[in-house]
Structures are given as structure tokens and as C-alpha cells.
Amino acid sequence: LHFAADLLAAKVLAPLLVGPKEAPPADRKARSYGGHAQGGGGGRVQGRIRLAITGLTAASLVLAQLWGAFEMSDQSSNHFFTGYAKAVLEPLPNKSLLLINYDQQWTSARYHQVCEGLREGEVTILNLAMMTFGWWEHKRALYQGVVSWPGTHYVREQTAAHRGSHPNGTGFSFGDLVGANLAKFPGGIYLGGSLSFTGEPGWAQAFELVPYGLASRAVPRVQLASNSGFFAKSWEPAAGRMMDAVLRALPLVPFSLPVHERQFGPETWEWTVGREFFDHATEHGAYLLEQTLATPEPREPPPPPADKPGQQKADHARVVAAFRKEAGRRVGRLLTAAAWLELAWNLDPSGCKTASLKNLGLAYMHVVRDRSSAGQGPPEMPPAVARLAAWAEHLDQTTRDAGLQQQRGSGGAGGGGGETPPRAFPNATRNLWPPQKEGAGDPDWRSWASGRFTAAWGAFLARPDAASDPGHAQIRAIYDTVLRTANSNPASGPTRGDGPPQAAGAARNTAARAAAPAAAGQEPPESRRRGGRVPGAKKRRKKRDPASAAEAGGGKPPHGRPERGKR
């Protein structure tokens, strides 16, 4: 910079300010004297010019950097980790224990509890990774009377360090820690992140991690029995309230505003907050779908004989009404599970996991094959989905407001009749629930569900990693069968489910019902959640040809139990 300023001053500006050179003196002395006099004056002017140019250039560079990077570097409104800590801690019940196993959640929750008093005295948080070190033995006294320690530190099952597996062992497993503290924490024991040691048979036989909010709760398997009512009476209302609290704590995700795309790229910690939110949203939807499909499907009672007395017919009518109510509740659960998966696909299409698309198609397949709602309107949107839709609409509205503010005063919208800025999430609330009014082109909402079924599984099959899924062949066969049936109808139209023609929707509807096998009375299919099979699940039967099974309407659904992968 100095060299450029010196060159500019010496060659351009100095001659203009000093004037033309005089003729050189005749003798060497005169030349030396003249050169010294002229050089001294010119040097002073040149120095001042160089200093001015250097200062102006440096100031311009600083201003240019400030102008170009201020918006991206401005962190004055960055409250994402405050919202994240609230989303983790606020949904948990009183007298809960939260075991955290990764830095982002630990530092956020620990800071806000110790420094800001968030849920202090109500939720106990511990760093699970720190427990794996031998020196944890000397830290246990910090939690005297709060946590029961079944050993010195956290170790893997069936190792020499495990006191339950070796006579000289002193450490405890995760199952030991949970079992020793269940009574101390009636609000539950929760895990943030994943276990330090996986594949422990004692833990897997005694407990299961069930999604609750942005954490997972350790639940004894005896509570998960189908006849215990855990799903309907405990998990469904509690997990729903916790996800509502998460939505309130995180009104925005870090990449929701236009400026956030530059501020919080995948290399930043803030970006992972949004990534984790969508992971838990799909996990919540997958578990709701899994438990709904695991619940026996209600069966419609046969019509009473015509010669029965009126009282028996009235009793039969009450039985039918009860059946329709329970069947409607089941369809509502399927659609609610689909809404959480649709949300992730709408707002995070590139990050939406392939397994989530498979689960989404599975949910709609069971909606289509349900006959209890035939000829009736769509179920009423439950409050949980209404709140989810309101959250998505707020996200979309906030991005539009931010875009309008950026254009104000620059000839854009709101400042002179320019075009409205494009919406970041134009599909935020799309397909979260069936159309509530009969459209001119699609009076049957079940045709809408058929379109969503083909859209989801079509997107699944287009993913490169879908071919490695064990259910890929069956899904392909069912999908192709549905499309062949729909395309054989002259009125067949789009398969996205955004408003297909009535005939095309009906064709897909019929084909999907024919291709979807009945779930009742079949063994639970192999589950890949947590990387293994559910203990106690039966072995898979000998496979039938997928195409013939789909066309015949028999066989087993492709991974009828939805996939819940590791985070």
C-alpha cells in the first residue's frame, strides 16, 4: 500500500503541484545544489501526498469491510442458544434428571441453569461423558443425596471395570444408573444425545429410550406393553405438551431468515440448533406412527340380522358409533404423525432424511386403506396440529417481514410499488392436514392422501441411499402398482397430492388400498430404529415375491413399523 501511494505521489501528483522542472545547472555543484533544493521541496510535498493517500485508502478499506460484513457479523439479535436451552429444559417435568452427552446441549443448559436460574432446583442435569473417567469417583459427593451412584464411574456392561460383570469391577453401566435413580426422579430420567456405549444387552432388555421433546426418556419395558396404556394415556399427552413447549421456545430456527443463511451456515454451532429441531420433529412423528400401527386396528361389527328386535339394533348402532369414533381417532393419529414429517419436508427438504420420506408414505398408505372414513369428510384438525401450523405460518410470515424491511426505501415493496420479495418458506403449512373444504377438482380428501402417498414414496425412491433400505423392493413394487393403476385412467393427473383430478385420485385411492396389506394379525416387522431389532420381535417369515404380494393385496407391509434412526 505504501509503495503504491509513493509511486502515485511521485509520478502523477507531485509534478502537478511542484510545477515543471528547471533546466539543470551547467556545473556539477550547481546540479547537486539544485537537485538538493528541488528534491527537498518535492520530497516534502510527496510525503504529505503519500500520507493522505495511504490514510484515505486504509479508511476506505475498513469502511468497505464494515459495509459488506456488518449484516453477517451482527450478533445483536442472536438468541438461538437461549431459546435452545429453554426448549431443552422447560418441557421437562419437575424432579427430572437430564443426562447430557454432547457439548452443545451441555454448555447451553448448564449456563442457563447456573447463571440464569433456568429450572434450577427442578431439573438436575449431569454430563454423561464426564462420568466415563475414573476421576468421576471424586465428583460424586457434589450430588450427595440427589443422585444414587451404583459405582465409581460410567463403564460398558460386561467388562472388567463393570461391578456387575466382574468381582473386581467398580464401575456402573447406564442401566445401573437409571435403575438406581428411577424412584428418586418421578419426573423421569432423560438422555440428551446418544449413549457413550451401545449394544449393551442388559440395558436393551430392561429399558427403551422414547422421544420426549428434544430428549429421550428411559422407560422400563414393562411399561411399554400393549395392554399398559402407556402410549395413549402417558406418552401421547405428555409428549404433545413437550413439543408444544419446544415450539414456543424456538419461534425461529437459525436458517429461517434470509440473513441467517449467511450468518449460520453448516459450519456454525447455531446451524445445528435447527438441524436438531427437525431431527426431533421427525423422531416424534415416527414414534407416533409406530405406536399407532402397533395398536390393533378396530374392526367394524357385522350388521345385525333383519329379524332382530329394535333394542338389539339400537345396541348395534351404539357399537358401530363407538367403532367409528375409535377408527377416527386412529386416522387422526396417522395424519398427525404425517404432519410432523410433512413439516420437516416442507421447511428442510434437503435435510429431510430418506427414512422420514418412507415413514410419510407409510402413514398415508394406512390412511388410504382405512375404510371407516369412507364417504365422510376429513377429520377435524386437532389442537396439536393447529399449533404446529401456526408455528410454521409464523416462521413464513417472519421471513416475509424481514424481506420487506430489507427492501424498504430502496424502491422495493413498501417503498415505491416494487415486487414483493420471494417467500423463504412458501410451502410452510402445505399438506399439514387434509383440505377442510371440498375442492372442485378433488371432493374426496382420501384422494388427497393418495396423492401424498405417491409423492412421499416417489421422493423416497428417488434418493440414492433408498436402494440400501431392506424394504426398497416392496416399496418399489407397491409404488409401481399404484402408478400403473392411476395412469391407466385417462383422467390421471399429477401425483403430488396438491389437487389431483377426481378420477386420478380415486384410481390411486383404489390401487393404494389394494396394495396395502392388512396390518392386524401379522407379526411385528423388523425394526431398524437404534440400529437393531426390538427384543421379542418374531423372525421374519419367508419372503414372498414383492410384486405378487402387492398386486394380490396380501403379504407384509414394507417395514410396517416406521424407522427411527440415530441422531
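Structural remarks
- Subset of the stretch 456-477 [open to solvent by less than 10 Å² (accessible area, probe 1.4 Å) and either without any contact (Cβ under 8 Å) to a residue 40 or more places away in the chain or assigned to a helix (DSSP H, G or I) (or both)]: 456, 457, 460, 466, 475
- Residues that are open to solvent by 40 Å² or more (accessible area, probe 1.4 Å) and over 19 Å from the mean Cα position of the chain (by Cα), drawn from the stretch 91-102: 93, 94, 95
- Test: residue in the stretch 191-199 that is farther than 15 Å from residue 101 by Cβ and among the polar types (S, T, N, Q): no
- Selected residue (criterion: least open to solvent (accessible area, probe 1.4 Å)) from residues of the stretch 103-119 that are over 21 Å from residue 217 (Cβ atoms) and part of a loop (DSSP other than H, G, I, E, B): 117
- Selected residue (criterion: least open to solvent (accessible area, probe 1.4 Å)) from residues of the stretch 352-395 that are within 13 Å of residue 460 (Cα to Cα) and not in a helix (DSSP H, G or I): 352
- Taking the listed residues 48, 31, the one that is at pLDDT below 50 and either open to solvent by less than 70 Å² (accessible area, probe 1.4 Å) or over 30 Å from residue 249 (Cα atoms) (or both) is 31, with no other qualifying.
- Residue 132, sole failed condition from (1) of a type in the set (Ser, Thr, Tyr); (2) under 25 Å from the mean Cα position of the chain (by Cα); (3) open to solvent by 10 Å² or more (accessible area, probe 1.4 Å); (4) modelled with pLDDT of 95 or more: (2)
- The stretch 141-158 - residue that is among the aliphatic types (A, V, I, L, M) and assigned to a helix (DSSP H, G or I) and, of those, nearest to residue 98 (Cα to Cα): 142
- Residue 398 being open to solvent by less than 40 Å² (accessible area, probe 1.4 Å) and under 28 Å from residue 471 (Cα atoms): no
- Among helices (runs of 4 or more DSSP H) entirely within the stretch 159-262, having at least 3 residues that are out of contact with any Ser or Thr (no Cβ under 8 Å at 6 or more places or on another chain) and over 24 Å from residue 294 (Cβ atoms) singles out 174-181, 236-249.
- Residue count for the stretch 298-356 satisfying the condition of being aliphatic (A, V, I, L, M) and under 30 Å from residue 475 (Cβ atoms): 12.
- Selection within the stretch 155-166 - more than 14 Å from residue 202 (Cβ to Cβ) and surrounded by 15 or more Cβ atoms within 10 Å (Cβ to Cβ): 161
- Residues in the stretch 69-90 that are open to solvent by 60 Å² or more (accessible area, probe 1.4 Å) and assigned to a helix (DSSP H, G or I): 70, 71, 72, 73, 86.
- Residue match in the stretch 199-222 (condition: modelled with pLDDT under 95 and hydroxyl-bearing (Ser, Thr, Tyr)): no
Each row is one residue, and each column tells you yes or no for (1) more than 32 Å from the chain's Cα centre (by Cα); (2) of a type in the set (Val, Ile, Thr); (3) within 26 Å of residue 394 (Cα to Cα).
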site: 269; (1), (2), (3): no, no, yes
site: 292; (1), (2), (3): no, yes, no
site: 296; (1), (2), (3): no, no, no
site: 316; (1), (2), (3): yes, no, no
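The values are calculated or read from the model by the stated rules, or taken from the named source; none is laboratory data. These figures come from a predicted structure and were not determined experimentally. Cβ sites come from the backbone with ideal geometry, for glycine too, and all protein chains shown count toward neighbours. Each accessible area value is taken on the protein alone, full model and side chains, heavy atoms only, with ligands, DNA and RNA left out. Shrake-Rupley method; radii C 1.70, N 1.55, O 1.52, S 1.80 Å.
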